[in-house]
Amino acid sequence: MAEDTSSPMDRFCGSTFWNATETWYTNDPDFTPCFEQTALVWTPCAFYWAFVIFDFYYLKASLDRNIPWNKLNVSKALVNLGLLVITALDLIMALVKKGGDSELPLYDLDVWGPIIKFATFLLVFIFIPLNRKYGVQTTGCQFIFWFLLTVLSIPRCRTEVRLDAERQKILNSQQPSEQDFSWEEYQFVSFFIFFTFTSIMLILNCFADGMPRQTKYQRGENEIPELSASFLSRITYQWFDKMALKGYRNPLEEKDLWDLRPQDSCSEVMPIFAHHWNQNVRKNYKNKARVEPKAQFSNGNVTFENPHGEKNGRKKGMASIMPPIYKSFGGVFLFGALMKLFTDTLTFAQPQVLSLIISFVEAQEAEPEWKGILYAVLLFVLAAAQTFILGQYFHRMFIVGLRIRTALINAIYRKALRISNSTKKESTVGEIVNLMAVDAQRFMELTTYLNMIWSAPLQIGLALYFLWQQLGPSVLAGLAVMIILIPVNGVIASRIKTYQIRQMKYKDERVKLMNEVLSGIKVLKLYAWEPSFEKQVLDIRDKEIATLRSTAYLNAGTSFLWSCAPFLVSLVTFATYVLIDENNVLDATKTFVSLSLFNILRFPLTMLPMLITNLVQTQVSVNRINKFLNSEELDPNSVLHDSSKPHPMSIENGEFSWGDEITLRNINIEVKKSSLVALVGTVGSGKSSVVQAFLGEMEKLAGVVNTVGKLAYVPQQAWIQNATVRDNILFGQTYDRKRYNKVIDACALRADIDILSAGDLTEIGEKGINLSGGQKQRISLARAVYSDADLYLLDDPLSAVDAHVGKHIFEEVIGPKGMLARKSRVLVTHGVTFLPQVDSIYVMKMGEISESGTFDQLVKNKGAFADFIIQHLQEGNEEEEELNQIKRQISSTGDVPELLGTVEKAIKLARTESLSDSISVTSADSLMGRGGSLRRRTKRQDSHDSVASAASLKKKQEVEGKLIETEKSQTGGVEFAVYKHYIKSVGIFLSVATLVLNFVFQAFQIGSNLWLTQWANDQNVANDTGLRDMYLGVYGAFGFGQVLSKYLSGLALAIGGLHCSMNVFNKLLNTGLKWPMELFDTTPLGRILSRYSKDVDTVDSVLPAITVQLLNTCFGVLATIVVISLSTPIFLAVIVPIAFLYYFAQRFYVATSRQLMRLESVSRSPIYSHFSETVTGASTIRAYNVGDRFIEESDAKVDKNQVCKYPSVIANRWLAIRLEMVGNLIILFASLFAVLGGQTNPGLVGLSVSYALQVTQTLNWLVRMSSDIETNIVSVERIKEYGETKQEAPWELEQDKNKPKNWPQEGHVEFQNFQVRYREGLDLVLRGVSFNIKGGEKVGIVGRTGAGKSSLTLALFRIIEAAGGRISIDGVDIASMGLHMLRSRLTIIPQDPVLFSGSLRINLDPFEIKTDDEIWKALELSHLKSFVKSLAAGLNHEIAEGGENLSVGQRQLVCLARALLRKTKVLVLDEATAAVDLETDDLIQKTIRTEFKECTVLTIAHRLNTILDSDKVIVLDKGQITEFASPTELLDNPKSAFYSMAKDANLV
């Protein structure tokens, strides 16, 4: 071994390090022993030392601790020990056997080799107990280390075995050998022990360690397998197989899903985000006084700071959500970016290998065959590595996206609980929900692409560098084409952006309008106003379609530009290359390496514009979210809680506003402990505003508000959650049966609960749709009473209930002897009756307190209060005994003769008038008004029933009590009918044209590529310029064909998409408005709305885009197969098994993924509906101080949505890995066959391999797109399903036109044996009712709750259709008419006044057929004229969503004005006066008596005086008429039910 070697490595080993003749230029390649023992061992070691930092990070980030010792980690430790022993032994043996006295010299390798190995194994060994302690179940670095070590030791196995064979030969040969082989023998044995151990370690590292004992979060049965999956299983996503299989066998359901990974849950994501957000907010303030600790994590809530800040802190600008997002989620993102860098590098290695393969084919005879195989395998290995790394990259990005979405949704939710009223005015509920639904979602979609910002330019740069090497400066010509295209695209993109913003605006408008239409659908039907609103929606839709049309054309333009770009670029480049210089000749290598580089270039160039538009959209979203998160919040300090003040509630010198002008001034109120204070005053005098001021909802301009103790609040319009009755009352408190029952009886809810189908476990629909106003009010009151607070703010809780119930509630709850007697209470009221019993009274007038004191003092004052009382008494709606009480009260104060006189008169009136529609005190008001599903249940079984029957009863109750049908997520495949429907909507001609044109495009493309091979292989081109120009010309012609066919197909698709959007929406709108009322009662509004927003949006913008991509990829894959088969026909043999693999992956995936998507969309809507419910009830939530509970509920809903979302993300990756491996196999076989098949045409080989290289991506996209089509076509399916729902009777019929213009002329109404039920399968509500009302008669309808009063009116309008019998008006059977004909000729003043946003004028006369004079006349008669005159805009005064900016009384008057404008022969009054103060009520009654003198009036009576002067009274009981006669006649007959009612009311 004495040869003097030159290189340092050779000296290090004492032998040659690298010998090219031995390794490369030979038919039997091998490495030198030195190379095997250094490079091949040290590479894995270096890798491990470089990446061990990740292992440390995982230790730190782990949420678990303490994995028990088990077979796996014990054997890992033992084998690792064995390796340590073996390496130590190697070192010792080397020192013993070599150097010193022995003739074997000791080289550096013998010492350093073992030391390096020993150090690395020791590091690995240390991690075994560490991972165990910190609960890390698997690590990637170790797996890759062992994998590399094992694979790279294989060449040495071969070497050692060969050397051993040679030694044996020498030993076996006869002559005795002098040589001592002991060192070599030792090395042989030691290496194989080492090799065995590394292989065992590799196998052990394929499995994950056991479960940790301590975990931060409970790990359930259903935990996600990923947490305990091994590295190998994680990168291949093998742990997902179970779910894929399950989803393939039968559709997945919610119970099949795994729990969420703790790292992705709100409780982990939120504190981090909140911490960074708060830091960012604080940075925005110049005065750095407030230093705060990290985001506190007190009992699981996270506090967000208010970016609006104190009034004094100067603000530098808006706090943006971007920096906190970078800081919170940047780490994972950067790691992803690192992976992306790897894959980008690997991408460019592929064309290099391709050029090697082409040159191998060109020099086939000269090269040994193993090189060809090596190249083919190398290509495959590169592709496979890329696949795995990309898989992880996308997975990481998705997770970041999900976390960002979680953070944003929660931040928006928390903010919505605190925004001030002026902010709330700026945006409707719909817009705020959109922030969550659309804008937060945007982020999620962007994260996967975000790295393209740097990756795309990098890829472009590298591609150009390699192209330069092939073609020299002519590349610049191609580059120039690309660069010219970019600004063109930029211009188009910015145009698209403006259209997009415009379209968003229209979409918001349209959804907002639809929301109102659907909320007020009952009123629209009663008034027959649907066409007007349909027209309004369609007008907005037309504008939206116009912007969509422009966008579609522009999009067709861009997609055309980009699909032709690669071709134009290659044409220009090749043309320049051959034309610059005679000597430049295109050969196969140049052509196809350049082509595959151009193909690589295509991706980043397509992505950049997409990314830019995406970024732009996200920027819009960021701005919207920022604006919202920075908007003004309620000032938490506007209400003090100073317990040193003498009284628990007080306002001193208060001035308050609702954001614009001052609403309340010089308010001074004191509420003593345990006293009852009443606020009285006319409509709009500011009573409710005072209550809001106590709650801190108003902007305090001056003064001091103080409350001490826990608050409870009953708003004027009850806010009811979509939950059971019991949950609404408990409102998050524990259930205490005794107290609960006490509350229910006190609030007179017992009777109502008995009527409900499942008792207090009946589910209440959104906004309490299946309850009457009075019930909502009482539930709202019960919630307050149950909450057992110290202070009570009651905003007119008795307005919607009958006088009796009101009295009962006052006595049992509010009054001096009620449940709340020990509490401090503020009561806003309209009734006079209870005023003598309150401790003090404040009279409000025009936003100020005009006087205050006890009842007696105020009566003596003869001020505003006395007038108030006189006015009330003149209306005469009080019961006799109450009047007597008031009389006693007044006479005791003495000296008020005129008041006493009025009282006397009133008492006389009451004696003659009194008659009540309720019998017992606990009677409930009309329940059947809404939701007929609430039929009477038999009285519940006595409690001594067996437990079992009680349980079954509970089950039954729960089933019965469900009103809202759960949203069905369809299972199984999307039927072909849906696709057919979609294609029909697009238009058959356009669909076929698109397909044909795409086919033509591909044909041109393949043609041009085959032409290139022909050109590259033609040897004569070098000497013949004419031939060269001919080749170039034809190539150009092919290109022109591509351009044209592509452009046309893009156009056809764009137009088709628009057609479809229009058809689908118009049909949806048209059929949606024609639904019968019962469907609206059982389908939650949010679900219908999501058809109009989410699903329509999908059809508008998502489906067309996906379709384009699907067609492109589909034809692309076909083209690839055709080209490869042309060049190597044997490839067709492989295509069959590969297609099978592909098909299976696709089927498994689509079944699972589609179902996951459906589950996800079903679990998404509760987030939004809960959110919109919260926004509506924010003031109640704040008053009760239960914000935290609502935040937790929202978090839980978001987490539940993630549970469905995460597996669908994984399913995506699972599929991608499998498909890309299929694609990689295609690459492997295409290149192997090209190399081995003796193919001699280098051009064709180049073409087929460069096509194969693209196929991986294309295959992946193909499945993705086809499953995207399936998941998104679901929108079409859902819209189609809504379009095919049951419709109500036709609106217009031909024979209606023959009816006289002014029908009905008499107003003669006749019921003949009429029967009706609310829905199929329910009991009859009216069972054979017959009566006859002559034209112009006034008829009162009375009866207990549930007797069918409201059903009568609904049947008259055919809101519910007859089940038997008939109704005729003026002798015409109403069932024979079109609904609009009927409804437009009747008038109703409905129970709840519904207004729509828009001008006041539109609310009165949506068809705009009345003149201004007529409208003013109607306003005058309904006592609104002075109010409207005082408004700046007059009739064009904008009414807010739901009429929020008018008081309830004013809304009721607007409904009266509507009735006056229509003035038809038949008028129905449905308890129209429940929500109005008595004064307004009186006005309404007077107007109706005078204005509707000639009309037939049907009144559903609530108060006695409303029907006593009527001509007839109908008494209904259990759906049948028990009495029908004039009131006097009935009162003369002591046996009549009417008489007994009157008797109950102390009248007779």
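The values are calculated or read from the model by the stated rules, or taken from the named source; none is laboratory data. Small disclaimer: the values here were computed from a predicted structure and weren't measured. Ideal geometry is used to build each Cβ from the backbone, glycine not excepted, and the neighbour counts take in all protein chains shown. Areas reflect the complete protein model, heavy atoms only, side chains present, ligands, DNA and RNA absent. Shrake-Rupley method; radii C 1.70, N 1.55, O 1.52, S 1.80 Å.
May I ask you to list pairs of residues, at least six apart or on different chains, whose Cβ atoms are under 6 Å apart, with the first in region 49-75 being farther than 19 Å from Cys206 by Cα and the second being at pLDDT below 90 and loosely packed, with under 11 Cβ neighbours inside 10 Å?
So the pair list comes out as Arg65/Gln214; Asn66/Gln214.
Here is a yes/no grid of residues against (1) open to solvent by less than 20 Å² (accessible area, probe 1.4 Å); (2) of a type outside the set (A, V, I, L, M):
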position	(1), (2)
Ile1388	yes, no
Asp1392	no, yes
Phe1396	yes, yes
Asp1412	no, yes
Leu1421	no, no
Ser1426	no, yes
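Identify the residue in region 1356-1405 that is among the polar types (S, T, N, Q) and not in a helix (DSSP H, G or I) and, among all such residues, is nearest to Asp1470 (Cα to Cα). Reasoning before the result, please.
Keep residues of region 1356-1405 that are among the polar types (S, T, N, Q), which gives 1368, 1376, 1384, 1387, 1391, 1397, 1399, 1403.
Now restrict to residues that are not in a helix (DSSP H, G or I): 1368, 1387, 1391, 1397, 1399.
Numbers: Ser1368: 20, Thr1387: 11, Gln1391: 5, Ser1397: 23, Ser1399: 25 Å.
Here the residue is Gln1391.
Evaluate region 240-253: report whether one residue or more is assigned to a loop (DSSP other than H, G, I, E, B), in contact with a Pro (Cβ under 8 Å, 6 or more places away or on another chain), modelled with pLDDT of 90 or more and not charged (D, E, K, R).
As a first pass, look at region 240-253 and keep what is assigned to a loop (DSSP other than H, G, I, E, B): 250-253.
If we keep only those that are in contact with a Pro (Cβ under 8 Å, 6 or more places away or on another chain) as well, we get none.
No, because not a single residue in region 240-253 is assigned to a loop (DSSP other than H, G, I, E, B), in contact with a Pro (Cβ under 8 Å, 6 or more places away or on another chain), modelled with pLDDT of 90 or more and not charged (D, E, K, R).
Wholly within region 429-505, which helices (runs of 4 or more DSSP H) include no fewer than the required count, namely at least 1 residues that are closer than 21 Å to Thr347 by Cα?
In region 429-505, 440-450, 452-471 are the helices (runs of 4 or more DSSP H) which contain 1 or more residues that are closer than 21 Å to Thr347 by Cα.
Please work out if Val1043 is under 30 Å from Tyr577 (Cβ atoms), in contact (Cβ under 8 Å) with a residue 40 or more places away in the chain and either in contact with a helix residue (DSSP H, G or I) (Cβ under 9 Å, 6 or more places away or on another chain) or assigned to a helix (DSSP H, G or I) (or both).
Numbers: under 30 Å from Tyr577 (Cβ atoms): yes; in contact (Cβ under 8 Å) with a residue 40 or more places away in the chain: yes; either in contact with a helix residue (DSSP H, G or I) (Cβ under 9 Å, 6 or more places away or on another chain) or assigned to a helix (DSSP H, G or I) (or both): yes.
Judged against the criteria, Val1043 is a match.
Any idea which of (1) modelled with pLDDT under 90; (2) surrounded by fewer than 23 Cβ atoms within 10 Å (Cβ to Cβ) is the one Ala319 doesn't satisfy?
(2)
Is it true that Pro609 is modelled with pLDDT under 90, assigned to a loop (DSSP other than H, G, I, E, B) and either open to solvent by 50 Å² or more (accessible area, probe 1.4 Å) or farther than 30 Å from His830 by Cβ (or both)?
no
For region 1196-1219, what are the residues that are open to solvent by 20 Å² or more (accessible area, probe 1.4 Å) and among the charged types (D, E, K, R)? First the steps, then the outcome.
Taking region 1196-1219 first, the residues open to solvent by 20 Å² or more (accessible area, probe 1.4 Å) are 1196-1197, 1199-1200, 1203, 1205, 1212, 1218.
Residues satisfying the conditions are Lys1197, Asp1199, Lys1200, Lys1205, Arg1218.
For region 682-706, give me each residue that is more than 15 Å from Leu793 (Cβ to Cβ) and crowded, with 24+ Cβ neighbours inside 10 Å.
none
Counting only residues that are over 16 Å from Val517 (Cα atoms) and either polar (S, T, N, Q) or under 36 Å from the mean Cα position of the chain (by Cα) (or both), how many does region 1428-1447 have?
Going through region 1428-1447 one residue at a time, the tally reaches 7.
Yes/no per residue for (1) part of a helix (DSSP H, G or I); (2) touching a residue at least 12 places away in the same chain (Cβ under 8 Å); (3) open to solvent by less than 40 Å² (accessible area, probe 1.4 Å); (4) under 23 Å from Ser1127 (Cβ atoms):
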position	(1), (2), (3), (4)
Gln1005	yes, yes, yes, yes
Trp1015	yes, yes, yes, yes
Asn1020	yes, no, no, yes
Gly1026	yes, no, no, no
Tyr1047	yes, yes, no, no
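Please determine, by comparing only the residues of region 644-660 that are among the hydroxyl-bearing types (Ser, Thr, Tyr) and part of a strand (DSSP E or B), which one is modelled with the highest pLDDT.
Checking each candidate, the answer is Ser650.
Checking the conditions here, which among Ala758, Ala800, Ala751 is closer than 30 Å to Leu1322 by Cα and either in contact with a Leu (Cβ under 9 Å, 6 or more places away or on another chain) or surrounded by fewer than 22 Cβ atoms within 10 Å (Cβ to Cβ) (or both)?
Ala751
For region 1078-1095, what are the residues that are over 30 Å from Ala1362 (Cα atoms) and either open to solvent by 20 Å² or more (accessible area, probe 1.4 Å) or over 15 Å from the mean Cα position of the chain (by Cα) (or both)?
Ser1090, Ser1093, Lys1094 - these are the residues of region 1078-1095 that are over 30 Å from Ala1362 (Cα atoms) and either open to solvent by 20 Å² or more (accessible area, probe 1.4 Å) or over 15 Å from the mean Cα position of the chain (by Cα) (or both).
Out of the residues in region 642-671 that are open to solvent by 20 Å² or more (accessible area, probe 1.4 Å) and among the hydroxyl-bearing types (Ser, Thr, Tyr), state the one that is nearest to the chain's Cα centre (by Cα).
Result: Thr663.
Looking at region 1401-1427, which of its residues are within 24 Å of Asp796 (Cβ to Cβ), among the hydrophobic types (A, V, I, L, M, F, W, C) and in contact with a helix residue (DSSP H, G or I) (Cβ under 6 Å, 6 or more places away or on another chain)?
If the condition is that a residue be within 24 Å of Asp796 (Cβ to Cβ), among the hydrophobic types (A, V, I, L, M, F, W, C) and in contact with a helix residue (DSSP H, G or I) (Cβ under 6 Å, 6 or more places away or on another chain), then Leu1424 is the only one that fits.
Going by what's in this entry, would Ser1153 be described as of a type outside the set (A, V, I, L, M), assigned to a helix (DSSP H, G or I), open to solvent by 20 Å² or more (accessible area, probe 1.4 Å) and at pLDDT below 90?
Here the answer is no, as Ser1153 does not meet what is asked.
For region 1467-1478, check the following and say yes or no: at least one residue is on the phi < 0 side of the Ramachandran plot, at pLDDT below 85, open to solvent by 10 Å² or more (accessible area, probe 1.4 Å) and assigned to a helix (DSSP H, G or I).
Yes: one or more hits.
Kindly check whether there is at least one residue in region 803-825 that is of a type outside the set (Lys, Arg), assigned to a strand (DSSP E or B) and touching a residue at least 40 places away in the same chain (Cβ under 8 Å).
yes
Assuming Thr1271 fulfils every condition listed in (1) over 17 Å from Gln1155 (Cβ atoms); (2) crowded, with 22+ Cβ neighbours inside 10 Å apart from one, which condition is it?
The one condition Thr1271 does not meet is (1).
Restrict the check to region 622-641 and report whether at least one residue is more than 39 Å from the chain's Cα centre (by Cα) and buried (at least 19 other Cβ atoms within 10 Å of the Cβ).
No, region 622-641 contains no residue that is more than 39 Å from the chain's Cα centre (by Cα) and buried (at least 19 other Cβ atoms within 10 Å of the Cβ).
For region 1176-1283, which fully contained helices (runs of 4 or more DSSP H) count at least 2 residues that are modelled with pLDDT under 85 and acidic (Asp, Glu)?
Passing ranges, in order: 1242-1283.
Taking the criterion of being of a type in the set (Val, Ile, Thr), over 27 Å from the mean Cα position of the chain (by Cα), surrounded by 15 or more Cβ atoms within 10 Å (Cβ to Cβ) and not in a helix (DSSP H, G or I), would at least one residue in region 730-737 satisfy it?
no
From the list Ser1250, Ser1330, Ser1267, which residue is under 34 Å from the mean Cα position of the chain (by Cα) and small (Gly, Ala, Ser)?
On the way: Ser1250 fails: under 34 Å from the mean Cα position of the chain (by Cα); Ser1330 fails: under 34 Å from the mean Cα position of the chain (by Cα).
Criteria check complete, one pass: Ser1267.
So which residues in region 198-222 are over 12 Å from Gln137 (Cβ atoms), part of a loop (DSSP other than H, G, I, E, B) and open to solvent by less than 30 Å² (accessible area, probe 1.4 Å), if there are any at all?
None; the set is empty.
Run down Leu152, Leu95, Leu123 and say which single residue is among the hydrophobic types (A, V, I, L, M, F, W, C), free of Cβ contacts under 8 Å to residues at least 40 places away in the same chain and open to solvent by 20 Å² or more (accessible area, probe 1.4 Å).
The conditions single out Leu95.
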